[in-house]
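Bear in mind that the values in this text are calculations on the coordinates, not laboratory data. All values reported here derive from a predicted model rather than from experimental measurement. Heads up, the Cβs are rebuilt from the backbone with ideal geometry, glycines too, and the neighbour counts pull from every protein chain shown.
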Amino acid sequence: MHFSGCGHYRHGDAWFDFPLNHRHSSTCGHLYDGLGWYTHGASGHIHGTGCGHHYYNSRWNLYPRRYYTRNRRDCFYFFVDLGDYRTRNLPTSVYTRTVYADEEPVDVFEADDPLSRAYAAFGEGRFYESVIAFNEAIELDRENGILYLARAQSQIAIQDYRAAYEDLIEGMERIPEWTEVEFSIAELYGNPDWYQEHFESLNNWVADYPRDYKAHFVLGYIHYFQGDYAAAKSEFIYALAWDEEHEQANRLMSSILEYEAESEVLAAEKDAPDSVSGDEEL
């Protein structure tokens, strides 16, 4: 029986084992960009949780079948399998503190432990259930900062921004290196419409309650991990206006300022005139 997350997708009149048994063709709806295949208007295919695709950088990309598998060696799982933790700039110390190296890899849709249930519920859009399951997971592992950061994402989904703020603070206190990790918030959603809906709801809340600096911080956090540093900076500036000693806002702001300084240097080097040749110099 085919089901969401079974590792297959329907195209035309048949089910395919994606991507192992799929043969790319001029009509399959995929394109090759020199590094990998990604989806591009596949006829008849509706994207959803477990379909084998994820939305990132304005297009659908292929995920491997291990998309929803936790505890894979050397891979970082945060709602989805983000691949080799080093490609995400996740410090080794953080990886070793937050993975379960002694456990067997598990499909979160099949496992029954609290953390797997939390991830599975989020992946299927059952966000209240996800929060409840994360509560159980945190009771079992209170020092794991990843769990607080993950629960914050579920809190954002149910529009509990104060709880999300508290979880972000807890998580970043335990993992100050989190500012170095490279991923997109939108990448965590099986359905990009859910991300857009949650993002717009938070934007509307901040517009309706502009004095809620905690919500401003949460919005800045999302902008930061979406790579929109200008928007993130304005939100953190607002948060810092209320609490200039805000440790997490200052840390995120410092990362943005460092990035901007490096960008200015690179831009200046690129625009600098070519050095004169040795003959001309003489």
Could you state the number of Å between the C-alpha centres of region 200-226 and region 111-174?
19
Residue-by-residue Karplus 3J(HN,Hα) for region 123-134, coefficients 6.51, -1.76, 1.60, Hz, glycine and proline x
x, 9, x, 9, 6, 5, 4, 5, 4, 4, 5, 5
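Normalised by the residues of region 71-172, what does the relative contact order come to in percent, with Cα pairs under 8 Å and at least six apart?
It comes to 19 percent, rounded to a whole number.
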What nm distance separates the two modelled labels at Trp242 and Arg162, each placed 7 Å from Cα along Cα→Cβ?
1.1
Please compute the modelled spin-label separation between Tyr100 and Glu182, points set 7 Å along Cα→Cβ, answer in nm with one decimal.
2.9
Computed label-point distance, nm, for sites Thr87 and Leu266 using a 7 Å Cα→Cβ extension:
2.0
Let a ≥ b ≥ c be the square roots of the eigenvalues of the Cα gyration tensor of region 194-267; is it rounded (a/c under 1.5), or, if not, prolate (a/b larger than b/c) or oblate?
oblate
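What shape does region 69-180 take by its C-alpha gyration tensor, where a ≥ b ≥ c are the square roots of the eigenvalues and a/c under 1.5 counts as rounded, a/b above b/c as prolate, and the rest as oblate? All intermediate terms of the calculation are to be shown ahead of the outcome.
Details: a/c = 1.68, a/b = 1.13, b/c = 1.49.
Judged from the Cα gyration tensor, region 69-180 comes out oblate (a/c at least 1.5, b/c at or above a/b).
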